[in-house]
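K.L.:
Before anything else, here's the structure in question.
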Amino acid sequence: MRHVLSATVQNVPGVLAHVSGMLASRGYNIDSLAVGETEDRRFSRMTFVLRGDDRVLDQVRRQLEKIVTVVRVDDISSRNYVERDLMLIKIAATAGATRTEVKELAEVFRGRVVDVAADSIVVEISGTEKKIEGFIELIRPLGILELVRTGRIAMVRGSPPTRELTEAADGARPTDEASVRESLA
């Protein structure tokens, strides 16, 4: 079973290494991991995609919650959420029919051409994992030179703002770990 976890962490050096090291040392494989700063610079959000049964998910959550710099862990896979992946793909395409075909496929997938060279073209596409995989399979026969993806990011649809957002907007800035955890509880 595929699980999407969202973890709010303190935005301090070493958090990513600590979290990914903990998961690796316990034998959990991460299908996707994306990390970025939130609207409050004190925090980052990590989005993990893991495979396993509910027992594995429970173990991962408990282990993550033990890490001091992890403020909150949410399993959003059972909720109504939006997820996206971003991909840059360089395709072998000289001027002519191949380049036209790449441009047309990019348009169908709502992608956009972000670079054109004499022998290649770079396309940017964002969307669901299925959409990204679909584009890759259609473009593969033309010759993929290079491909890079961000990994999935996800957000629950339509939920009210968290206390984190509300307190950040009010100017409340807890500084110690206990205050940060309390503000997000």
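The values are calculated or read from the model by the stated rules, or taken from the named source; none is laboratory data. Everything numeric here is computed off the predicted structure, so don't read it as measured data. Here the Cβ is made from the backbone with ideal geometry for all residues, glycine too, and neighbour counts use every protein chain on show.
K.L.:
Would you tally the residues in segment 55-83 being within 30 Å of Val102 (Cα to Cα) and surrounded by 17 or more Cβ atoms within 10 Å (Cβ to Cβ)?
P.N.:
Number satisfying all stated conditions: 1.
K.L.:
How do the pairs read when you match residues in segment 9-35 that are in the same structural domain as Val71 (by TED's automatic domain parsing) and within 18 Å of Arg149 (Cα to Cα) with residues anywhere that are charged (D, E, K, R) and part of a loop (DSSP other than H, G, I, E, B), using Cβ under 7 Å and keeping only pairs 6 or more apart or on different chains?
P.N.:
Cβ pairs passing all conditions: Ser32/Arg152; Ala34/Arg152.
K.L.:
I would also like to ask the following. Step by step: first the residues of segment 74-96, then only those that are of a type in the set (A, V, I, L, M, F, W, C) and in a loop (DSSP other than H, G, I, E, B), then the one that is modelled with the lowest pLDDT. Which residue is that?
P.N.:
If we filter segment 74-96 for residues that are of a type in the set (A, V, I, L, M, F, W, C), which is where we start, we get 76, 82, 86-89, 91-93, 95.
After this cut, where a residue has to be in a loop (DSSP other than H, G, I, E, B) as well, the list is 76, 93, 95.
Numbers: Ile76: 92, Ala93: 93, Ala95: 83.
Only one residue fits best here, namely Ala95.
K.L.:
Follow-up question, since we're still on this one. Looking at segment 77-96, which of its residues are closer than 11 Å to Ile144 by Cα and without any contact (Cβ under 8 Å) to a residue 12 or more places away in the chain?
P.N.:
Of everything in segment 77-96, nothing turns out to be closer than 11 Å to Ile144 by Cα and without any contact (Cβ under 8 Å) to a residue 12 or more places away in the chain.
K.L.:
Given the structure, is Arg157 surrounded by 14 or more Cβ atoms within 10 Å (Cβ to Cβ) and touching a residue at least 60 places away in the same chain (Cβ under 8 Å)?
P.N.:
no
K.L.:
For segment 32-51, enumerate the residues that are closer than 16 Å to His18 by Cα and under 8 Å from the mean Cα position of the chain (by Cα). Outline the logic, then answer.
P.N.:
In the first step, residues of segment 32-51 are kept if they are closer than 16 Å to His18 by Cα; the result is 33-36, 43-48.
Scanning segment 32-51 gives Leu33, Ala34, Val35, Met46, Thr47, Phe48.
K.L.:
Within segment 1-46, work out how many residues are of a type in the set (Ser, Thr, Tyr), surrounded by 19 or more Cβ atoms within 10 Å (Cβ to Cβ) and farther than 16 Å from Val60 by Cβ.
P.N.:
1
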